[in-house]
Amino acid sequence: MGGMRQRIVVAGGSLAGHSAVTELVGLVPEAEIVWVTGEQHRTYSKPALSKEFMQARNELSELMLPDIGGDLSNLRIVRRSCASLDTANRTVTLDDGEKIAFDQLLIATGAQARMPGMLRGVGGVFPLRTLDDAVAIRESLAGRPKVLVVGGGLIGCELAASMRTLGLEVTLVERLDTLLDRPFGGAFGSYFLDLHRANGVDLVMDAMVERVSLNDGRVAAVELADGAKIETQLVVVGAGSEPCTQWLEGSGLIVADGVVCDSYLATSMPGIFAAGDVARWTNPIYDLQMRVEHWTNASAQGRAAARNLAASATGRQELRKPFADVPYFWSDQYGQKIQMVGWHQGHDRVELDRSADAPGPLARFYRDGRMIAAAGVNVPRIVMRLRRQIEEEARAQEAA
Ligand SMILES: Cc1cc2nc3c(=O)[nH]c(=O)nc-3n(C[C@H](O)[C@H](O)[C@H](O)COP(=O)(O)OP(=O)(O)OC[C@H]3O[C@@H](n4cnc5c(N)ncnc54)[C@H](O)[C@@H]3O)c2cc1C
């Protein structure tokens, strides 16, 4: 880009974009920052959408992140989406055709809900990724529908718990014979089955939705692969998510289930960084590439990518730092505080700890004798101590 002043474009108006812009406004006040949010709403936080907000225990205003502070005279907020990226000419084209030239770009376009083909566009069927999705689901609860949850991952299990907390009749269909298999590495399978059964969820395991029956254009029942039919008036789908990288097709950036980055969150093109659910970066703690879809990761990565971008924009090398982190997330189901730290993929041993007087189970995951992850229910202090231990052991190993 010509001219004196550098222009930084940040794409994505959720948590990672918000924390990046907050950091950039303070770090490079002389630069022009264009924040393309892809959102009509102010930045909101997503974890409560499936929990407190779904249970009508908090209101819209409580979801909102604070407005960006400081001198905002160089910040332009654009409530549109990026349609394509031209890395040769260093421009982003928006969905209304406007082209925005940039010197540096930070990609924080997150992820979107996956929707199985036969459920797409059917009345009474909803994914849950955005505030609009959550509002639509909440509105359709007024008629006290019989709810079918598709998928026993985090979103599906949290939705089932919220719907039961509201006293609704809930059936959950899951492809595997265990719940929350991927996030918790299979460690607490029977605990989660018991938890949801004890709270009245009708669990249909080892089952796939195959067809939908309609009544007046709205879902009336779903049919499973084994022919069983489940009547329902509301289907909520937690079938996983995929990174929002369609707009990067043809840009030349390396994309492989996320925007591929080095440990500095720098992409394969100079001056272009990524952060949050969309970024697949090399985490020095594990010396592995990973894409982490957690709140704390998006928040911390947004700031870290912004600092590395600022280093590239200003030459201030002291800002440049690899992003080394032990991932962390939590879930809340029926008031149980469920937490996971670390990266369990590739573990070769799990140690389960379930003493009779403990408030909930605890699991430690190991690879080659080294603890790489831990999970626990209602044991927050122990889980946080294990997080520090994982980090310290990794740093000691790196130093050695
Ligand atoms: C219902 C729900 C519950 C959750 N609960 C928890 C929890 O309990 N604990 C936890 O750790 N994590 C939880 N998460 C995950 C956490 O919310 C995410 O990790 C976090 O939102 C990621 O932030 P992000 O900014 O990277 O991406 P996203 O939140 O996905 O935001 C991406 C942003 O980019 C915008 N965008 C997309 N495409 C474009 C484009 N082409 N141009 C411009 N903008 C674009 C979108 O509109 C959006 O504003 C939950 C997520 C959901 C959906």
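A Cβ distance below 6 Å, combined with a sequence gap of six or more or placement on separate chains, defines the contacts here; from the stretch 285-299, residues that are not assigned by TED's automatic domain parsing to the domain that holds R387 reach residues that are among the acidic types (D, E) and within 8 Å of the ligand (Cβ to nearest atom) in the pairs E293/D277.
Check the stretch 179-191 and report whether any residue there is modelled with pLDDT of 95 or more, surrounded by fewer than 15 Cβ atoms within 10 Å (Cβ to Cβ) and over 18 Å from R114 (Cβ atoms). Checked the stretch 179-191: no residue is modelled with pLDDT of 95 or more, surrounded by fewer than 15 Cβ atoms within 10 Å (Cβ to Cβ) and over 18 Å from R114 (Cβ atoms). Of the residues making up the stretch 232-263, those that are away from the ligand (no atom under 12 Å from the Cβ), surrounded by 17 or more Cβ atoms within 10 Å (Cβ to Cβ), in a loop (DSSP other than H, G, I, E, B) and under 20 Å from the mean Cα position of the chain (by Cα) are A239, C261, S263.
Looking at the stretch 61-75, which of its residues are touching a residue at least 12 places away in the same chain (Cβ under 8 Å) and either among the small types (G, A, S) or surrounded by 13 or more Cβ atoms within 10 Å (Cβ to Cβ) (or both)?
Hits for the stretch 61-75 are L63, M64, L65, I68, G69, G70, L72, N74, L75.
Matching residues to (1) buried (at least 22 other Cβ atoms within 10 Å of the Cβ); (2) more than 14 Å from the ligand (Cβ to nearest atom); (3) in the same structural domain as L159 (by TED's automatic domain parsing):
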| position | (1), (2), (3) |
| --- | --- |
| G13 | yes, no, no |
| G26 | no, yes, no |
| R42 | no, no, no |
| A48 | no, no, no |
| M54 | yes, no, no |
| R57 | no, yes, no |
| R80 | no, no, no |
| V92 | yes, no, no |
| A101 | no, yes, no |
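Rundown of residues vs (1) within 20 Å of P284 (Cβ to Cβ); (2) assigned to a strand (DSSP E or B); (3) in the same structural domain as L386 (by TED's automatic domain parsing), yes/no style:
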site	(1), (2), (3)
D325	yes, no, no
V341	yes, yes, yes
G346	yes, no, yes
V350	no, yes, yes
A363	no, yes, yes
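Within the stretch 318-334, can one find any residue that is among the β-branched types (V, I, T) and more than 11 Å from the ligand (Cβ to nearest atom)?
Checked the stretch 318-334: at least one residue is among the β-branched types (V, I, T) and more than 11 Å from the ligand (Cβ to nearest atom).
Only one of L85, L154, L106, L131 is more than 19 Å from the chain's Cα centre (by Cα) and surrounded by 15 or more Cβ atoms within 10 Å (Cβ to Cβ). Can you tell me which? Step by step, each of L85, L154, L106, L131 is checked, and only L85 is more than 19 Å from the chain's Cα centre (by Cα) and surrounded by 15 or more Cβ atoms within 10 Å (Cβ to Cβ).
In the stretch 290-307, which residues are within 16 Å of the ligand (Cβ to nearest atom) and in a helix (DSSP H, G or I)?
Within the stretch 290-307, W295, T296, N297, A298, S299, A300, Q301, G302, R303, A304, A305, A306 meet the criteria.
The values are calculated or read from the model by the stated rules, or taken from the named source; none is laboratory data. Note that the coordinates shown come from a computational prediction; the quantities given were computed from them, not determined experimentally. Here Cβ is always computed from backbone atoms with ideal geometry, including for glycine, and neighbour counts include all displayed protein chains.
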